[in-house]
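Q: Here's a structure for you.
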Amino acid sequence: MEHYIVYWPQDVVDDIVKAGDEGPIKVVYGSVHSRMPSISSIKEGDVVYPVTLMKKKFYVMARLPVEHKEIAFDYTMRELGQQYSALIPDGIAVENRSRSIYWASKAQGYKSLEEIPAGVRLIPLEEQKNKPHQKHQEPFNCCSKYAVWGTGGSSICPRLIPDELIPTMLFGPKGKERPLTMRNGLILSSSLTSTRRMTEETAKIFEGLF
């Protein structure tokens, strides 16, 4: 079992708070963009902690033990009822709500049913029924690729990491762990734009918040 951090930008946290979403956390997504870093390294049985920076302070927002990992599209369609900008897998086309285009993998668009190649499964509007869900279950970035989820997630709220502990925390591949990049005693947000594994000692700091 490994422990990882993933970054939630401030505007994402603001949206979750505004929606009154206090959890429990159910899912974390990864995309192909730095705003929502890849989570390809996270496996079933690992633990993931969304983190954020607020007023230059470092907060842990939630704790999610990973029970399942799957394609984000499969999760959003099953749990939310709609795509929510998750990457469309090969062999599938999704009818757009304007009914003027059918989106498929690799951002391929078809203007009519006749253009859709044989063998491609169409998901019509009739199958895209929005289901009740929490705000954090909506991917906050386009091109979400994977979703890790579980039923034992914590509540969602800011949990402060004391400033004096931050330099002691180490992240990265085994044998190459390093502290987060800092300047003038403050964490640089750029150091959080990738999913990071933490050492066992650092994991104890995070676990102590829950």
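The values are calculated or read from the model by the stated rules, or taken from the named source; none is laboratory data. Keep in mind it's a predicted model, so treat the numbers as computed, not measured. We place every Cβ from the backbone using ideal geometry, glycine too, and count neighbours over all the protein chains shown. Side chains included, ligands, DNA and RNA excluded: accessible areas come from the protein's heavy atoms. Shrake-Rupley method; radii C 1.70, N 1.55, O 1.52, S 1.80 Å.
Q: Anything in the range 162-177 that is touching a residue at least 40 places away in the same chain (Cβ under 8 Å) and within 11 Å of residue 3 (Cα to Cα)? List them, or say none.
A: If we filter the range 162-177 for residues that are touching a residue at least 40 places away in the same chain (Cβ under 8 Å), which is where we start, we get 163, 165-166, 171.
Scanning the range 162-177 gives a single hit, 171.
Q: In addition: State which residue is farthest from residue 206 (Cα to Cα) when the search covers only the range 13-38 and only residues that are of a type in the set (A, V, I, L, M, F, W, C) and modelled with pLDDT of 95 or more. Before you say what the answer is, go through the steps one by one.
A: Taking the range 13-38 first, the residues of a type in the set (A, V, I, L, M, F, W, C) are 13, 16-17, 19, 25, 27-28, 32, 36.
Subsequent filtering for residues that are modelled with pLDDT of 95 or more retains 13, 16-17, 19, 25, 27-28.
Values: 13: 19, 16: 21, 17: 22, 19: 26, 25: 16, 27: 18, 28: 17 Å.
So the residue we want is 19.
Q: On to the next question. When you scan the range 63-172 for strands (runs of 3 or more DSSP E) that lie fully inside it, which ones turn up with 1 or more residues that are touching a helix residue (DSSP H, G or I) at 6+ places or on another chain (Cβ under 7 Å), among the charged types (D, E, K, R) and open to solvent by 30 Å² or more (accessible area, probe 1.4 Å)?
A: On the way: elements: 68-71, 92-95, 102-104, 121-123, 144-149.
Passing ranges, in order: 144-149.
Q: Something else now. Take the conditions surrounded by 17 or more Cβ atoms within 10 Å (Cβ to Cβ) and in contact (Cβ under 8 Å) with a residue 60 or more places away in the chain and apply them to residue 28. Does it pass? Spell out the reasoning first.
A: Working: surrounded by 17 or more Cβ atoms within 10 Å (Cβ to Cβ): yes; in contact (Cβ under 8 Å) with a residue 60 or more places away in the chain: yes.
Against the criterion (surrounded by 17 or more Cβ atoms within 10 Å (Cβ to Cβ) and in contact (Cβ under 8 Å) with a residue 60 or more places away in the chain), residue 28 qualifies.
Q: So which residues in the range 31-43 are part of a loop (DSSP other than H, G, I, E, B) and over 12 Å from residue 64 (Cβ atoms), if there are any at all?
A: Keep residues of the range 31-43 that are part of a loop (DSSP other than H, G, I, E, B), which gives 32, 34-35, 37-43.
Correct list: 32, 34, 35, 37, 38, 40, 41, 43.
Q: Go through the range 5-17 and give me each residue that's open to solvent by less than 20 Å² (accessible area, probe 1.4 Å) and within 17 Å of residue 178 (Cβ to Cβ). Steps first, answer last, please.
A: The initial filter retains those residues of the range 5-17 that are open to solvent by less than 20 Å² (accessible area, probe 1.4 Å), namely 5-6, 8-9, 12-13, 16.
The answer is 5, and nothing else.
Q: Between a residue in the range 111-135 that is at negative phi and any residue that is surrounded by fewer than 11 Cβ atoms within 10 Å (Cβ to Cβ) and hydroxyl-bearing (Ser, Thr, Tyr), which pairs come within a Cβ distance under 9 Å, given they are 6 or more apart or on different chains?
A: 111/100
Q: If I ask for residues that are free of Cβ contacts under 8 Å to residues at least 12 places away in the same chain, open to solvent by 30 Å² or more (accessible area, probe 1.4 Å) and hydroxyl-bearing (Ser, Thr, Tyr), which ones from the range 178-204 would you list?
A: 181, 190
Q: Test residue 1 against the stated conditions and say whether it is open to solvent by 40 Å² or more (accessible area, probe 1.4 Å) and among the hydrophobic types (A, V, I, L, M, F, W, C).
A: Working: open to solvent by 40 Å² or more (accessible area, probe 1.4 Å): yes; among the hydrophobic types (A, V, I, L, M, F, W, C): yes.
Yes; evaluated as a whole, the condition is true for this residue.
Q: With respect to residue 95, determine if the residue is over 20 Å from residue 191 (Cβ atoms), of a type in the set (Asp, Glu) and in contact with a Pro (Cβ under 8 Å, 6 or more places away or on another chain).
A: Spelling it out, residue 95 is indeed over 20 Å from residue 191 (Cβ atoms), of a type in the set (Asp, Glu) and in contact with a Pro (Cβ under 8 Å, 6 or more places away or on another chain).
Q: Go through the range 34-43 and give me each residue that's touching a residue at least 60 places away in the same chain (Cβ under 8 Å) and either among the β-branched types (Val, Ile, Thr) or open to solvent by 30 Å² or more (accessible area, probe 1.4 Å) (or both). Spell out how you get there, then give the answer.
A: Residues of the range 34-43 that are touching a residue at least 60 places away in the same chain (Cβ under 8 Å), as a first pass: 34-42.
Selection gives 34, 35, 38, 39, 40, 41, 42.
Q: Scan the range 77-110 residue by residue and report those that are over 29 Å from residue 148 (Cβ atoms) and free of Cβ contacts under 8 Å to residues at least 12 places away in the same chain.
A: 98, 100, 101, 109
Q: Of these, 137, 128, which one is polar (S, T, N, Q), within 22 Å of residue 14 (Cβ to Cβ) and in contact with a strand residue (DSSP E or B) (Cβ under 8 Å, 6 or more places away or on another chain)?
A: Working: 128 fails: within 22 Å of residue 14 (Cβ to Cβ).
None of the other options fit; the residue is 137.
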